[in-house]
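These notes are about the structure you will find just below.
The values are calculated or read from the model by the stated rules, or taken from the named source; none is laboratory data. As the structure is a prediction and not an experimental result, all values here were calculated from the model. All Cβ positions, even for glycine, are placed from backbone atoms using ideal geometry, and neighbour counts span all protein chains on display. Side chains included, ligands, DNA and RNA excluded: accessible areas come from the protein's heavy atoms. Shrake-Rupley method; radii C 1.70, N 1.55, O 1.52, S 1.80 Å.
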Amino acid sequence: MKLPNLKEARNRTSQNVEYVYLKPQNKIKVSNKKYFLKTYGCQMNVHDSEEISYRLENLGYEACSNLEDADLVILNTCAIRENAHDKVFGFLGRCKHLKKIKKDLIVCLCGCMAQEESVALELKEKYPYVDIVFGTHNIHELEEMLESYEGKQDIEVYSYEGKVYENIAYKRDSSIKAWVNIMYGCDKFCTYCIVPYTRGKQRSRKAADILKEVNDLVAAGYQEVTLLGQNVNAYGKDLEEISFARLLEKVAQTNIARIRFVTSHPWDFSDEMIDVIAKYDNIMPYIHLPLQSGSDNVLKRMNRRYTKKEYLELFNKIKKKIKNVAITTDIIVGFPNESDEDFADTLDIVRKCEFDGAFTFIYSPREGTPAALMADDISLRVKEERLQELNNLVNLYSLKNNQKYLNQEVKVLVEGISEKDETKYFGYTENMKLVNITSSQNIIGEIVNVKITEAKSFSLDGEVL
Ligand code: 5AD
Ligand code: SF4
């Protein structure tokens, strides 16, 4: 048993990152066994789940979409806000119930929640029916943990700075677009955020390994890659041989049709990067640029390292230099002791930026982070009112931005049949607008020209040309 430790997770030494090139393992295969995998949280988790699926299917497990059919349940969890926790513990209740009927059912919990000391302890003390717990640093040990499981709870969560594992295989959800990790972890330590503790220090993959993965995806017919990192544009700062801008340029030169990247931190957004995005047609003009707050006072207490003015300058520079760019953001309301003036500053910058979209959250204290210790006299009611007011404003601009596309022609990479309307296809424009498309022919996997016929707040409708 190995339990996580927040103090160790916070540690940052000057030790070099270890690159581990994993070798294929010969494991005992299972037959007639099904797994149910549920993923919470961000794109990293979605991508980690693609690794988990590959590992399980390689062992002989078959995926199932009905919890009741499963022999193995895996919850890949998120720790970013308390409501993510609540959802997972709620789901564990269902697993407990199922275990009473299905004695051999194995329940696993992994991901960011597993990395939290308090959660691991809670699982140890109050949830003995959660059989296997592993963290974000040891997904590659999944097969071993399953093989050695003897009916007694096994918690194996490491808290250390982390390594970089290569030769990871994925069962990708799509054959059209793919996630590609370019770095792991985060060293920014925004005071509200648990990620630097749950994902370890910033570790960049070597450019050669990334480019090989992208070239393999191109050869396999993929049209789009999204380069992934908690702080994607800080890529390379720990390698001192390549910057994110240069990596982006090299990926563009693989000639893959579309390149995206998430998530950028304003602090690391270089002019060199803006120039590269503007120069290459296959780097999509879409930037997710978390603002978090418009108040200098709050930004400082969040340790975001920029001011309202600096964010605006960067925003305007990006808008000016990258043709037809769409910019979305993340905003937190109700950070400890956020005053009415602080919140007014957030509304003001939202009015100035007119974001294409924004993910908005009420601040959620995370145990072990500095902000969780800050005094907070703002009531939940006030925070909820602020969120509502912010959302109303944000939605207004989402609609206004989408309306610009009415009767315009846009290029859409078509991903599949629309979930809401089976007679339509769906895909995304170059600048990440969701479009539902009418077409008499199957256009899945193609980049097509679409005429926009209707604009809503969160999607567009159109006809293939
Ligand atoms: N409370 C609320 N929102 C948070 N985020 C990160 N940590 C917290 C927290 N403790 C938000 C930030 C980040 C997004 C992924 O989640 O806005 O950009
Ligand atoms: Fe969290 Fe800040 Fe790192 Fe983003 S940059 S993962 S918000 S600590």
### Two-site label geometry, residue 173 and residue 1: point separation in nm, points 7 Å out along Cα→Cβ
3.4
### Query
For the stretch 131-283, what's the radius of gyration and Dmax over Cα atoms, in angstrom?
17.2, 57
### Task
Translational diffusion coefficient, Stokes-Einstein: compute it for the stretch 14-145 using the Kirkwood radius over C-alpha pairs as Rh, at 4 °C and 1.567 mPa s, and state it as an integer in µm² s⁻¹.
83
### Task
Report the label-to-label distance for residue 275 and residue 246 in nanometres (one decimal), using points 7 Å from each Cα along the Cα→Cβ vector.
1.4
### Task
Report the residues of the stretch 311-346 in range of a label on residue 465: point 7 Å along Cα→C-beta, backbone N strictly under 19 Å from it.
323-325
### Query
So which trypsin sites (Lys or Arg not before Pro) in the stretch 219-253 pass both tests, a DSSP loop state and at most 16 other Cβ atoms within 10 Å of the Cβ?
237
### Query
Among 312, 387, 292, which residue has its Cα positioned farthest towards the positive end of the charge dipole of the stretch 173-403, with +1 placed on the Cβ of Lys and Arg, -1 on the Cβ of Asp and Glu, and the dipole taken about the Cα centre?
312
#### Entry: Alpha-carbon Rg/Rh ratio, for the stretch 409-464, with Rh computed the Kirkwood way
0.90
#### Entry: Extension reserve of the residue 67-residue 124 stretch, reckoned as 0.36 nm per residue once the Cα distance is removed
18.2 nm
### Axial C-alpha extent at least 15 Å, average Kyte-Doolittle at least 0.0 - helices from the chain (DSSP)
207-219
### Task
Jot down the radius of gyration and Dmax of the stretch 386-442, Cα atoms only, both in angstrom.
14.0, 46
### Summary
Contour minus Cα-Cα span, residue 406 to residue 359, at 0.36 nm per residue, comes to 14.5 nm
### Task
Taking a cut-off of 18 Å between Cα atoms, list the aspartates and glutamates near residue 309, but don't count ones fewer than 8 places away on the same chain.
268, 271, 296, 330, 341, 342, 345, 348, 354
### Message
I'm checking a number: the convex hull volume of the Cα atoms of the chain, normalised per residue, in Å³. What is it?
### Response
156
### Message
Using a Debye calculation, one point per C-alpha and no hydration shell, please list log10 I(q)/I(0) for the stretch 173-403 at q = 0.12, 0.15 Å⁻¹ in order.
### Response
-0.70, -1.05
#### Entry: Point-charge dipole on Cβ atoms (K/R +1, D/E -1) for the chain, about Cα centre, debye to 20
220
### Task
Determine the per residue accessible area of the stretch 6-156 with all protein chains present and a 1.4 angstrom probe, expressed in square angstrom.
50
### Query
What is the log10 of I(q)/I(0) for the stretch 1-90, computed with the Debye formula using one identical point scatterer on each Cα and no solvent, at q = 0.12 Å⁻¹?
-0.56
### Query
In nanometres, what is the gap between the two model label sites at residue 372 and residue 208, each 7 Å from Cα along Cα-to-Cβ?
4.2
### Message
Run the lone-cysteine check on the chain: no other Cys C-beta under 4.7 Å from the residue's C-beta.
### Response
42, 64, 78, 95, 108, 110, 112, 186, 353
#### Entry: Pairwise FRET efficiency - residue 86 versus residue 29, Cβ, R0 = 30 Å, nearest 0.05
0.20
### Euclidean distance between Cα centres, the stretch 359-426 to the stretch 77-137, Å
28
### Summary
Expressed in square angstrom to the nearest 10, the accessible area of residue 210 with a 1.4 Å probe stands at 0
### Message
Quick check on the stretch 323-394: what are the equivalent-ellipsoid semi-axes from the Cα gyration tensor, as sqrt(5λ), descending, whole Å?
### Response
24, 14, 10
### Message
If the reach is capped at under 30 angstrom between alpha carbons, list the lysines near residue 424, excluding any in the same chain fewer than eight residues apart.
### Response
38, 171, 177, 323, 400, 404, 411, 433, 451, 456
## Note on the structure
Per DSSP, the loop-located trypsin sites (Lys or Arg not before Pro) within the stretch 319-359 having at most 13 other beta carbons within 10 Å are 323
